[in-house]
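Student: Before anything else, here's the structure in question.
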Amino acid sequence: MPADIARLDLANIALELQQDGVLVATLNRPAKRNALDAATVEEMVRLFDTAPRAGVRAIVLAAAGDHFCAGLDLVEHHREDRSPADFMHICLRWHEAFNKMEYGGVPVIAALKGAVVGGGLELASAAHIRIADATTYFALPEGQRGLFTGGGATIRVADLVGKARMIDMMLTGRVYQGQEAIDIGLAQYLTEGSSFDKAMELAHRAAANLPLTNFAICSAISHMQNMSALDAAYAEAVVAGVVNTQPAARERLEAFANKTAARVRPQG
Ligand code: 1HE
């Protein structure tokens, strides 16, 4: 394991680095259904800050126990009895972690199971690929708890499912699961077996791409969504100028030119 990753020494997220640079990061508070306390969010800030510079080529975000993540640690929140300013700063740290995740340039693939609710859905929505299994369900119970989303749902969940569905989820506590969750955009894959196995398969596939290409895919697209179409087109040209002329791509282009590279074919 690269020294920078080993040095992280996280208590609530277990790390395992595989040979091809796929890092398995497992939320590891199953007794608390992986609820996000302030300490875990700080660990995520450090992890997603470090991984892009440590040669990590893809991250599988997994969870111990039956549930991916129960969202904000409500017990801690109750105990701390935070002021508005305190909780604003907590939310800013969630944004720091999730922005580093979404914009960091390393593919993050979330292996979802059980509850993906509240802040757990905010976390999942910052991943680049979400995989659900038969046990996975999505909800925003903040409305029922007397709370509001604070970890980016108004941006990312609304982006995935649309404003109207997000408002309905919050007003009524509506739960989405199975094929319907896929159909509305909460996840891109629904597996019959384990979402973790599928996440590993996709992570290994993504890790075989050139890192600079993945950097562009996993940061430029998100940045460009925040720009005007005019600015995004300009930025796209600049990014493509750098990525599409990288020396490491020449081998792949040569393989296509001399007909040794795989062709794109329909599946099955
Ligand atoms: C927790 C949390 C939590 C469980 N904070 N401790 N999120 C929610 O409203 C979800 C709240 N949680 C639940 O609805 C359920 O716990 C689950 C559906 C996730 C799991 O149910 P279950 O029956 O497996 O577990 P449980 O018996 O409810 O909980 C087991 C333990 O996990 C228990 O602790 P224990 O010490 O009594 O054993 C629970 O207290 C603990 N636990 N969920 C703290 N969320 C930036 S703003 C974001 C806004 C939000 O995310 S609001 C939160 C939405």
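Student: Would you work out which of A164, C69, A132 lies farthest towards the positive end of the dipole of the chain, given +1 charges on the beta-carbon of Lys and Arg and -1 on that of Asp and Glu, about the Cα centre?
Tutor: A132
Student: Oh, and also: Using a cut-off of 9 Å between beta-carbons, work out the net charge of the residues near T149 (Lys and Arg +1, Asp and Glu -1, T149 not included).
Tutor: Charge balance near T149 sits at -2.
Student: How big is region 6-156 along each principal axis, measuring the range of its Cα positions in Å and listing the largest first?
Tutor: Largest first, region 6-156 extends 45, 35, 29 Å along its Cα principal axes.
Student: Quick one: Debye curve from the C-alpha atoms of the chain, no solvent, what's log10 I(q)/I(0) at q = 0.16 Å⁻¹?
Tutor: Summing over Cα pairs of the chain leads to -1.30.
Student: Let me ask another. Dividing the convex hull volume of the Cα atoms of region 98-245 by its residue count, what figure in Å³ per residue is obtained?
Tutor: Here the figure is 105 Å³ per residue.
Student: Would you mind working out the accessible area per residue for region 3-207, using a 1.4 Å probe, and quoting it in Å²? Before the final figure, lay out each step's value.
Tutor: On the way: 9010 Å² over 205 residues.
Here the per-residue accessible area is 44 Å².
Student: Do the sum for the chain: with -39,500 (n - 2.57) for every DSSP H run of n ≥ 4, divided by all residues, what is the mean residue ellipticity at 222 nm, to the nearest 500 deg cm²/dmol?
Tutor: Only helices count here, giving -13500 deg cm²/dmol.
Student: Using Cα positions and a limit of under 19 Å, work out the aspartates and glutamates in reach of K113, with same-chain residues fewer than 8 apart set aside.
Tutor: Partners within reach: D66, D73, E122, D133, E180, D183, E192, D197, E201.
Student: Give the distance, in whole Å, between the Cα centre of region 181-218 and the Cα centre of region 1-65.
Tutor: Region 181-218 and region 1-65 have Cα centres spaced 17 Å from each other.
Student: May I ask which residue of F256, T213, Q246 lies farthest towards the positive end of the charge dipole of region 181-268, with charges of +1 (Lys, Arg) and -1 (Asp, Glu) on Cβ and the Cα centre as origin?
Tutor: F256
Student: Check A63: other-chain or 5+ apart residues with amide H under 5 Å from its amide H, H built from backbone geometry?
Tutor: When sequence neighbours closer than 5 places are left aside, the close amide H contacts are L27.
Student: DSSP H helices in the chain with Cα extent of 15 Å or more along the helix axis and mean Kyte-Doolittle hydropathy at least 0.5?
Tutor: Helices passing the filter in the chain: 229-243.
The values are calculated or read from the model by the stated rules, or taken from the named source; none is laboratory data. Keep in mind that what you see is a predicted model, and the values were worked out from it rather than measured. Backbone-built Cβ (ideal geometry, glycine too); neighbour counts: all protein chains shown. Just so you know, the surface numbers come from the protein's heavy atoms only, side chains and all, with ligands and any DNA or RNA stripped out. Shrake-Rupley method; radii C 1.70, N 1.55, O 1.52, S 1.80 Å.
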